[in-house]
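Here's the structure we're looking at; comments come further down.
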Amino acid sequence: MAKTPYDAVLEAAGDLPGVDTALAAEMFGAALLGSVYAVAEGERAEVVRDFVAGFLQYTARRRTPVARVVRSVFASLVPEAGQVRPSAAPDLPPWLSQVGRVRLVGSWAYGDVYGDQTSYLASFAYEQPELGGSEHAVVVLVDHNIGIVKDMFVGEPADRLITEVQRATGADDLVWLSEVDPATMRAQVEAYLAITDGLSELPDGGAMATDRMLAGARLALLPPGETVELPRAEPDPGLVEEFLTTPAAAGLLSAGAPEASVRYAIRLILDFAQDAPDADPLRWSPAVVGLFLLDWVHRRALLDADDVAVLPDVLRAWAVWASHRRGLPAAAIAGTEEAIDVMAPEFTRLYRSGERRDPAVNAVARLLADGINPEDEAAVRDWLAAHPDAAEPPDSQNGLGGRVPRPR
């Protein structure tokens, strides 16, 4: 008879009954399920649930210690997949009764003042620590720039992790730490986890796959909170004119920056914000600057020489004004300004090389260079038929075959 995936799991779990504590067993079991989670093609948590349900059914009549232990551990990690009747026998480890039997000790949140990332930490203790194991913590890192859970892990001892977080946040004025309501923590994390579970590829590095099911089981023990709608800022139609009245914007214009290029740069800033998970044009940081200057603008925007010269200065003025408007500390604002200064040369190089330019942007650039109106569908079809290589970047000093105008 051919070996099934369930048989492979039983074989891989051969050493599970020999671990010392329930925590070690739950981490072992979560790592086994992590291999299922990692290879799933979207809706990963559902795939794991279905796998565990199938495993419990397949092993229902197995009486070996390994099968009984794995069944109990998997059912604790993924309770929605099915229940397993508790069992005790001389050939089963004494810690089996403590699997999943934990209580919440405390919950915290910490992050950077820019709003790039928030980490949530919840600590748990077993009813019988001598069998269950030490107090441990679930840590979940939410990245607001990409709108997903970037990493999550279970670590021990919890008091050491909490002390490290307190020490790090206490030494950095740009990082905050506070206690958080456990229901709020659960609602926030589950909202981002729902997105992360649907990704075709998981974030690189970290313990996202190996610890996902144990962290999820612990989160499910927290009180349920109200369903979270992930934040998206409503665009303020008055922002542009408000910005243009600031001394920094007036200085750009008085120094000779073309008003059309200044307004186009602002439009790009707003368009970039609308593409971001939170759609907030006022939230800027060194990380957000990098996403805009070194990636998004090259893939999405058509620039001319004036735009390239003006864009970093407009971004600097906008980011400083927006950060003051949000009440960020001076050190945070200075960090964003410095990031723009550092990245501006690379932004110019990428524009000239065209190496990150989207094929559609290349095509529009060549259309305009040939005098074709992109809104004239018939003319565009004729031009594309005559230029099958339209998406290829032309060879030129600036990557666009000369100074190419773009829609204002």
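Quick note: the coordinates plus some simple rules give every number you see, no bench work behind them. Note that the structure is a prediction, hence the values are computed from the model and not measured. Cβ placement follows ideal geometry from the backbone for every residue including glycine, while neighbour counts extend to all protein chains displayed.
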Listed by chain and number, the residues whose amide H is under 5 Å from that of residue 151, excluding neighbours fewer than 5 places away on the same chain and using placed H, are 141
Subtracting the Cα-Cα distance from 0.36 nm times the residue separation, let me have the gained length for residue 381 to residue 356 in nm, one decimal. 6.5 nm
What nm distance separates the two modelled labels at residue 334 and residue 175, each placed 7 Å from Cα along Cα→Cβ? 2.0
Listed residue (59, 247, 219) projecting farthest to the positive dipole end of the chain, Cβ model: 59
Work out how far the C-alpha atoms of the stretch 239-353 reach from end to end along every principal axis, then list the three figures in whole Å, largest first. 37, 30, 25
How much FRET efficiency would the formula 1/(1 + (r/R0)^6) give for residue 39 and residue 254, where r is the Cβ-Cβ distance and R0 is 56 Å, rounded to 0.05? 0.45
Under the rule of at least 5 residues apart or a separate chain, name every residue whose amide H is placed under 5 Å from the amide H of residue 198. 43, 44
Hey, could you get me the Stokes-Einstein D for the chain, Kirkwood radius over alpha-carbon pairs, 4 °C and 1.567 mPa s, rounded to whole µm² s⁻¹? 52
Skipping prolines and chain starts, which residues have an amide H placed within reach, meaning under 5 Å, of the one on residue 246, given they are 5 or more residues away or on another chain? none
With point charges of +1 on the Cβ of Lys and Arg and -1 on the Cβ of Asp and Glu, referenced to the Cα centre of the chain, which listed residue (97, 287, 298) lies farthest in the positive direction of the dipole? 97
Using alpha carbon centers only, the stretch 96-172 is separated from the stretch 181-243 by a whole-angstrom value of 15
Going by average Cβ density within 10 Å per residue, which order do the peptides 49-60, 323-334 take, highest to lowest? 49-60, 323-334
Given charges at beta-carbon only (K, R positive; D, E negative), |dipole| of the chain in Debye: 1000
Applying a 10 Å radius around every beta-carbon, put 132-141, 275-284, 167-176 in order of their mean neighbour count, most first. 132-141, 275-284, 167-176
Computed label-point distance, nm, for sites residue 227 and residue 4 using a 7 Å Cα→Cβ extension: 3.5
HN-Hα J couplings of the stretch 211-219 from phi, Karplus 6.51/-1.76/1.60, θ = phi - 60°, integer Hz, Gly and Pro as x? 9, 4, 6, 5, 4, x, 5, 5, 4
Per residue of the stretch 181-197, what does 6.51 cos²θ - 1.76 cosθ + 1.60 with θ = phi - 60° give for ³J(HN,Hα)? Whole Hz please, x for Gly and Pro, Karplus curve as stated. 4, x, 5, 5, 4, 4, 5, 5, 5, 5, 5, 6, 5, 4, 6, 5, 4
Length released on extending from residue 61 to residue 46, taking residue separation times 0.36 nm less the Cα-Cα span: 2.9 nm
Through the Karplus equation 6.51 cos²θ - 1.76 cosθ + 1.60, θ set to phi - 60°, convert the phi angles of the stretch 291-297 into ³J(HN,Hα) values in whole Hz; use x for Gly and Pro. 4, 6, 6, 9, 9, 4, 5
Assuming R0 = 22 Å, can you tell me the calculated FRET efficiency for the pair residue 279 and residue 325, based on Cβ-Cβ distance, to the nearest 0.05? 0.85
Considering the dipole of the chain built from charges on the beta carbon (Lys and Arg +1, Asp and Glu -1) around the Cα centre, which of 82, 198, 233 is farthest to its positive end? 82
Can you give the charge dipole size of the stretch 149-295 about its Cα centre, rounded to the nearest 20 debye, using +1 on the beta carbon of Lys and Arg and -1 on the beta carbon of Asp and Glu? 160
Note down the magnitude of the dipole of the stretch 5-98 about its Cα centre, charges +1 on Lys and Arg C-beta and -1 on Asp and Glu C-beta and zero elsewhere, to the nearest 20 debye. 400
Counting all Cα-Cα pairs in the stretch 201-302, those more than 20 Å apart amount in percent to 60
